[in-house]
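The values are calculated or read from the model by the stated rules, or taken from the named source; none is laboratory data. These numbers come from a predicted model, not from an experiment. Because the Cβ atoms are built from the backbone with ideal geometry, glycine has one as well, and the counts that use them run over all protein chains shown. We work out accessible area using only protein heavy atoms, side chains counted, and drop any ligands, DNA or RNA first. Shrake-Rupley method; radii C 1.70, N 1.55, O 1.52, S 1.80 Å.
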Amino acid sequence: MDPLIITCAPVGAEVAPEQTPYLPHTPARLGETAHAVQAAGGAMIHVHCRNDDGSNTHDVARFAEAYAAIRAHSDLIVQFSTGGAIGMSPQERAAVLELGPEMATLTCGSVNFGDDIFENSFPIMRAIAKKMKAFDVRPELEIFDKGHLANARRLAREGALDLPQHVDFVLGVPGGLEATAQNLCELVDDLPQGCTWSVAGIGRQQLAMAMVAIAMGGHVRVGLEDNLYYAKGRLARNEELVARVARIAQEFGRPVATPEQARELLGLRGRKA
Ligand code: KMH
Ligand code: ZN
């Protein structure tokens, strides 16, 4: 099996700083987290930004500051969110692509998101995909529901998206596909030829999904964006969640990818620093 790529999603848009002292909601704290995540075995960081008061922002200058802090403290693959937070406009979500990160997310369909709707109509997806091509940013396809892979194939048929790509299954969002081994296997069966994949289980399914992915030869995303707890009643630090997955993979006999090995596996090498 290929070395395991561990992605950390340390912030997200849904967790409030009041919920945990470990949310790295400033660029400086993101830089420190990136360092700790790489030391723990992480290869990629999925980035959302906050204002100092913890509110969500997709301000380009704030992302530039976060990007510089992460680069100063780590060699992680930097992946920006274009999902942002519920209520942000598509233009706001896509503006950060102008900074030219190595990767960014492309969510492949709308989905109920708790009591809200995370809106990703075909015009929104086409516009984000087009901007990714223009700024040479590699997409990671975010799949929250079964039909989202069909949407990605439709975008590819239209020429809006090149396939294969790296795909992340985000399972267990209330309103999306549940985080079960059976659902994960069905999604993997349905993957377009040549795609690599990871899974991000929400809440306490994070660890279970990680273990299934390690065994199946997929890759793993962990972090406070998706799960606040290390164990029942015990808040987690991002790097602890990464370290636990790295430890389990090593016990299993699966090596953990360095950022450079991850770039090789994802075909990112030589694209940009
Ligand atoms: N915060 C969610 C509404 C992404 O980063 O691309 C969307 C999200 C997906 O987190
Ligand atoms: Zn995200």
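Residues of the stretch 55-92 that are in contact with a helix residue (DSSP H, G or I) (Cβ under 7 Å, 6 or more places away or on another chain), within 16 Å of ligand 2 (Cβ to nearest atom) and assigned to a loop (DSSP other than H, G, I, E, B): H58, L76, T82, G83, G84. Only residues that are open to solvent by less than 10 Å² (accessible area, probe 1.4 Å) and either under 25 Å from G253 (Cα atoms) or among the basic types (K, R) (or both) were counted across the stretch 4-33, and they come to 6. Of everything listed in (1) within 9 Å of ligand 1 (Cβ to nearest atom); (2) open to solvent by 40 Å² or more (accessible area, probe 1.4 Å), the single unmet condition for T82 is (2). When M103 is tested against (1) within 19 Å of H58 (Cα to Cα); (2) surrounded by fewer than 21 Cβ atoms within 10 Å (Cβ to Cβ), just one condition goes unmet, and that condition is (2). Against the conditions (1) farther than 21 Å from N227 by Cα; (2) in contact (Cβ under 8 Å) with a residue 60 or more places away in the chain, Y67 satisfies every one except (2). Counting only residues that are more than 13 Å from ligand 1 (Cβ to nearest atom) and aliphatic (A, V, I, L, M), the stretch 85-116 holds 2 of them.
Screening the candidates P123, P164 for the property of being out of contact with any strand residue (DSSP E or B) (no Cβ under 8 Å at 6 or more places or on another chain) and either basic (K, R) or open to solvent by 40 Å² or more (accessible area, probe 1.4 Å) (or both) yields one hit, P123.
So, E225, is that one under 18 Å from the mean Cα position of the chain (by Cα), under 29 Å from S89 (Cα atoms), modelled with pLDDT of 95 or more and open to solvent by 20 Å² or more (accessible area, probe 1.4 Å) or not? In short, yes. Of the residues in the stretch 65-79, how many are open to solvent by 10 Å² or more (accessible area, probe 1.4 Å) and under 26 Å from R126 (Cβ atoms)? Number of matching residues: 1. Residues that are open to solvent by 10 Å² or more (accessible area, probe 1.4 Å) and either under 17 Å from V78 (Cα atoms) or free of Cβ contacts under 8 Å to residues at least 24 places away in the same chain (or both) within the stretch 233-246 comprise G233, R234, E239, listed in sequence order. Do we find a residue being β-branched (V, I, T) and touching a Cys at 6+ places or on another chain (Cβ under 8 Å) anywhere in the stretch 236-245? Yes, that holds for at least one residue.
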